[in-house]
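The values are calculated or read from the model by the stated rules, or taken from the named source; none is laboratory data. All values derive from a computational prediction rather than experimental measurement. Here Cβ is always computed from backbone atoms with ideal geometry, including for glycine, and neighbour counts include all displayed protein chains.
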Amino acid sequence: MRIGLVLPQASEDGAGGTWTEILGLARQAEEGGADSLWLSDHFFYRAADAPIGSETGYHEAWTLLSALAATTRRVELGTLVLATSFRPAGLLAKMAATVDDVSGGRVILGLGCGWHEPEYEAFGYPFDHRVGRFEEALRIIVPLVHGQRVTFDGAYGQVHDAQIRPAPIRPDLPILVAAKGERMLRLTARHADAWQTAWFGRPDDRYRERHDALLVACETEGRDPGTLEVTVGVEVTGEESAAASLAVDARAVADGLAAWQETGADHLQLGVNPGTRESFATVLDGIRAFRG
């Protein structure tokens, strides 16, 4: 089972989450034995019913991913997940292929349909028909990053005899989709190499229900579930809550990882809060204890 860490990108009132801090955590994680590093894709987050001006801001995912591709050497680099509605599908595919080249073939292209409506409204992106738009984006992005020439004329996106040049260095760049609804799960089974679900503490009924729904989608789409990697986002915070988070404690992390391994999960993404060097050090100690 591979284990990655989600890097903090958020800042409030312009404080925290600088590139220097992010790079320091990335290098700490890589040197400490993490298998992967992950970035989310948001302009900002505003809590429900919170006033405008109370947002938590996020550094842009692809810019950071490009910088990490050039400043790390071993870890996989993933997006958790890119909202396909924020970028034209052809451009997104081109960016993914370029960053994969810069990284030496370490990118996991995580994709989703987006969910936080305030940022769509603020930056002028349509929020309607998100799954329909996502499905069309997949039909453009997946074949392009796999080196194919694509013509597609959809309701929301069009490409005509498009191909990525220079050609992608990997014809099998992995596609990850975050999904829990029936339609999104079927798209995952149809197009993806990996499925992502989040956020959890230890394995619970909620996780098992989602995994069962994935198996149904695979059966419906004629997909062997053994060919689809299972990835799980796990919260690691100040206090343990079995259903919601693991504690920032090396033994708790090690025990939680063992529980997830028993489920057959292939790859975990640990969201560590607070995202500090001290917390990362404790979590990395837990990962090493789990591995023995």
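Restricting attention to the range 262-279, report how many residues are assigned to a helix (DSSP H, G or I) and either among the small types (Gly, Ala, Ser) or under 19 Å from Leu37 (Cα atoms) (or both).
Qualifying residue count for the region: 3.
Evaluate the following for Gly264: is it at positive phi and exposed (fewer than 14 other Cβ atoms within 10 Å of the Cβ)?
On the way: at positive phi: yes; exposed (fewer than 14 other Cβ atoms within 10 Å of the Cβ): yes.
Yes; evaluated as a whole, the condition is true for this residue.
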Could you pull out the residue among Val142, Val234 that is within 21 Å of the chain's Cα centre (by Cα), at pLDDT 95 or above, surrounded by 17 or more Cβ atoms within 10 Å (Cβ to Cβ) and closer than 18 Å to Asp266 by Cα?
Val234
Per-region count, the range 91-124, residues touching a Gly at 6+ places or on another chain (Cβ under 8 Å) and either surrounded by fewer than 20 Cβ atoms within 10 Å (Cβ to Cβ) or without any contact (Cβ under 8 Å) to a residue 40 or more places away in the chain (or both)
1
Only residues that are within 14 Å of Leu91 (Cα to Cα) and either among the β-branched types (Val, Ile, Thr) or buried (at least 17 other Cβ atoms within 10 Å of the Cβ) (or both): list them for the range 148-162, please.
Val150, Gly157, Val159, Ala162
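Matching residues to (1) more than 24 Å from Val107 (Cα to Cα); (2) part of a strand (DSSP E or B); (3) of a type in the set (A, V, I, L, M):
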residue: Gln196; (1), (2), (3): no, yes, no
residue: Trp199; (1), (2), (3): no, yes, no
residue: Arg202; (1), (2), (3): yes, no, no
residue: Arg210; (1), (2), (3): yes, no, no
residue: Gly226; (1), (2), (3): no, no, no
residue: Val232; (1), (2), (3): no, yes, yes
residue: Glu235; (1), (2), (3): no, yes, no
residue: Arg251; (1), (2), (3): yes, no, no
residue: Leu257; (1), (2), (3): no, no, yes
Check Gly222 against each of (1) touching a residue at least 12 places away in the same chain (Cβ under 8 Å); (2) at positive phi and name the one condition it does not meet.
(1)
Counting only residues that are of a type outside the set (Val, Ile, Thr), farther than 12 Å from Ile175 by Cβ and not in a helix (DSSP H, G or I), the range 100-156 contains a total of 21
